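The values are calculated or read from the model by the stated rules, or taken from the named source; none is laboratory data. Keep in mind that what you see is a predicted model, and the values were worked out from it rather than measured. Counting neighbours? That spans all protein chains shown, and the Cβs are built from the backbone with ideal geometry, glycine included. Side chains included, ligands, DNA and RNA excluded: accessible areas come from the protein's heavy atoms. Shrake-Rupley method; radii C 1.70, N 1.55, O 1.52, S 1.80 Å.
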Amino acid sequence: MKTKILFLILILPTITNCKSTSVTNHDDTITEKYWKLKTLYGNEIKMEDNQKREIAITLKTKDNRFSGFAGCNSINGEYILEKGNKIKFTKIISTRMFCNNTDESKLLKAINSTDNYTIKNNRLSLNVGKRAPLAVFEAVYMN
């Protein structure tokens with residue numbers, strides 16, 4: 001009996017002091033939304049005849065992952081959010097289907113270059129420094 005009590009006295013503080021140290025850094029204004037691409041390097045984006053669906057991305061809170069469609073191929077990767085609306089996209093991958101006349105490579109370049117973002121009036125701007133936005137997305141809400 002004394003052994004069991006001693007065991008509980010020694011083990012109980014250890015169990016109660018265990019806490020998760022993982023930090024989820026997310027911003028509810030940018031994550032868990034469907035962002036449809038509106039402009040890329042200042043040029044308006046329109047659906048091409050050969051496009052299967054619209055160009056868009058979604059940033060998922062779980063595991064800081066993003067996914068989307070770049071005009072021809074699906075894209076995925078990770079992102080890191082920091083204070084001051086800083087964002088970095090990493091480990092970007094895409095499928096490798098061949099398509100003509102898409103802005104896909106420009107979008108991937110913009111995502112790779114982005115270091116900060118702004119959100120105003122349901123519009124997400126991906127920026128580098130304080131220059132004009134590289135890409136502007138609009139939030140689309142599903143009912």
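A Förster radius of 22 Å, combined with the Cβ-Cβ distance separating residue 109 from residue 86, puts the computed FRET efficiency at roughly 0.70. The order of 103, 63, 49 by accessible area, most exposed first and with a 1.4 Å probe, is 49, 63, 103. Highest mean packing comes first when the peptides 104-112, 84-92 are listed by Cβ atoms within 10 Å, giving 104-112, 84-92.
Taken one residue at a time, the phi angles of the range 87-94 give Karplus couplings (6.51, -1.76, 1.60, θ = phi - 60°) of 9, 9, 9, 9, 6, 6, 10, 8 Hz. Gly and Pro are set to x.
Averaging sequence separations of C-alpha pairs under 8 Å and six or more residues apart, then dividing by the length of the range 68-143, give the relative contact order as a whole percent.
Computed value for the range 68-143: 22 percent relative contact order.
PRE reach from residue 140 (point 7 Å along Cα→Cβ): which of the range 49-72 fall under 15 Å by backbone N? Under 15 Å, as judged by backbone N against the label point of residue 140, lie 49, 51-59, 67-72 of the range 49-72. Taking amide H atoms as placed 1.01 Å from N in the peptide plane, the amide H of residue 34 lies under 5 Å from those of 140, each 5 or more residues away in sequence or on another chain.
Computed 3J(HN,Hα) for the range 41-57, one whole-Hz value per residue from the Karplus formula 6.51 cos²θ - 1.76 cosθ + 1.60 where θ = phi - 60°, is 6, x, 9, 5, 9, 10, 5, 8, 4, 8, 7, 6, 7, 6, 7, 7, 9, glycine and proline marked x.
Using a ≥ b ≥ c from the Cα gyration tensor of the range 86-143 (square roots of the eigenvalues), is it rounded, prolate or oblate, where a/c under 1.5 gives rounded and otherwise the larger of a/b and b/c decides, a/b for prolate? Here the range 86-143 falls in the oblate category.
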